[in-house]
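The values are calculated or read from the model by the stated rules, or taken from the named source; none is laboratory data. All values reported here derive from a predicted model rather than from experimental measurement. Neighbour counts are summed over all protein chains in view; Cβ atoms, including those assigned to glycine, are modelled from backbone coordinates with ideal geometry.
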Amino acid sequence: ESLINRIAAGEIIHRPASALKELLENCLDAGATSIRVTVKDGGMKLLQIQDNGCGIRKADLPILAERFTTSKLSTFSDLSRITTYGFRGEALASMSHVAHLSVVTKTKTETCAWKAHYLDGVLVEPKPGQTADPKPCAGNDGTTIIIEDLFYNTPTRLSALRSASEEYSRILDVITKYAVHNPKVSFSCKKAGSPSPDLSTPSSSEIPQAIRLLYGHSIAKDLLHASFGPKNNTDGDEEMEEEKASDSWTAETHFTNANYQSKKMIFLLFINHRLVESSRMKRALEAVYSGVLPKGASPFIYLSLQINPPRRRRQHQIADTLQRSLASQSHSRVFEYQTLLT
Ligand code: ADP
Ligand code: MG
């Protein structure tokens, strides 16, 4: 059974950066305005993430790492969110099957912080002979999650990883993208023992400023902004009118104009505030630029989609609609993307 759990966990946690993504989302869900990441050996030895969010109640600690334990499911109607993005109650459980997981947490009403250790889904004693109960300790409001020795018991996962420096750069990439999407939140990331962070963002910024800080001035000076959705998009688009009123979506995008030409496309896609990979969406947007940029030149695109209900199937429809609205001059009233580019 534990082997099955480990395999299942490996499907969710592929590498340090994917563990970090889950942990970051938890911090943001907890309302954190400051997120500090510390990494040792590309996250294989240590991945520590400290936030100043709402904290976890002591009473919730015993079952925290059990599968499908989530505080984010208030009503049954939220079920579709569980099966799509986030909110599955599987991240911490998975980590406890493939790493040593420790939690230090304090809510505002608690007088001290509590520390707990987990292994294979259950609360365990920190040292032999001690009890498994959470232990009181000093700590600020918020939560620190400590992941040690990731994949210590899954050698195939471990051997599939790249060098520590490459895993670290993937970690920085994930944090960078979340920092763009959450410019009001201050992020930092450093290697354990290093005096200065490798990445650090201020709080209360805006998306274009965050892009400038994290991706450089050359992108920022060629940056355009647009937001749109099916509601603006009513000039005879039959497919859109077929969409039920409850099936709504909106898009917000910051993208470079034709002056900006990079060798590699930089594409940040967030769907319902979750960082998502979508080659379909990427190709659709690439196609819009292909007529404008010289061969071999690529854009920077940040795209945040809100899809309700968040079914994966709808991504494909939206990719198509986006491509058509973006590329077609006849939709100029909707979104003068092509015009802005040239
Ligand atoms: P999910 O995010 O899908 O609910 P997780 O396994 O990622 O599942 O987390 C389980 C639960 O642990 C969350 O629902 C939340 O209640 C709590 N939790 C995890 N991380 C944090 C955090 N940084 N701050 C506050 N609560 C947290
Ligand atoms: Mg989560």
*List every residue pair whose Cβ atoms sit under 6 Å apart, with the two residues 6 or more apart in sequence or on different chains, where the first one lies in region 123-151 and is surrounded by fewer than 17 Cβ atoms within 10 Å (Cβ to Cβ) and the second, anywhere, is in a strand (DSSP E or B) and β-branched (Val, Ile, Thr).*
ALA132/VAL124
*Failed condition for ILE4, given (1) part of a helix (DSSP H, G or I); (2) touching a residue at least 60 places away in the same chain (Cβ under 8 Å), with all others met?*
(2)
*Return yes or no: is LEU3 among the aliphatic types (A, V, I, L, M), at pLDDT 95 or above and either within 12 Å of ligand 2 (Cβ to nearest atom) or over 21 Å from the mean Cα position of the chain (by Cα) (or both)?*
no
*In region 32-43, what residues are within 11 Å of ligand 1 (Cβ to nearest atom) and more than 17 Å from THR201 (Cα to Cα)?*
none
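In region 35-66, what residues are within 15 Å of GLY193 (Cβ to Cβ) and touching a strand residue (DSSP E or B) at 6+ places or on another chain (Cβ under 8 Å)? I'd like the intermediate steps shown before the answer.
Here is the first cut: in region 35-66, the ones within 15 Å of GLY193 (Cβ to Cβ) are 36-43, 45-48.
Within region 35-66, ARG36, VAL37, THR38, VAL39, LYS40, GLY43, LYS45, LEU46, LEU47, GLN48 meet the criteria.
Listed here are the residues, each with its yes/no results for (1) surrounded by 14 or more Cβ atoms within 10 Å (Cβ to Cβ); (2) modelled with pLDDT under 90; (3) not assigned by TED's automatic domain parsing to the domain that holds LEU303.
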residue	(1), (2), (3)
HIS217	no, yes, no
LYS221	no, yes, no
ALA226	yes, yes, no
PRO230	yes, yes, no
GLU239	no, yes, no
GLU243	yes, yes, no
SER248	yes, yes, no
HIS254	yes, no, no
ASN259	no, yes, no
*Just a yes or no: is a residue in region 104-113 at pLDDT 95 or above, of a type in the set (Lys, Arg) and in the same structural domain as ASP141 (by TED's automatic domain parsing)?*
yes
*List every residue pair whose Cβ atoms lie under 8 Å apart, where the two residues are 6 or more positions apart in sequence or sit on different chains, the first residue falls within region 174-191 and is more than 18 Å from ASN52 (Cβ to Cβ), and the second residue, located anywhere, is of a type in the set (D, E, K, R).*
VAL174/LYS21; LYS191/LYS40; LYS191/ASP198
*Out of (1) modelled with pLDDT of 85 or more; (2) at positive phi; (3) not small (Gly, Ala, Ser), what's the single condition that is false for ASN272?*
(1)
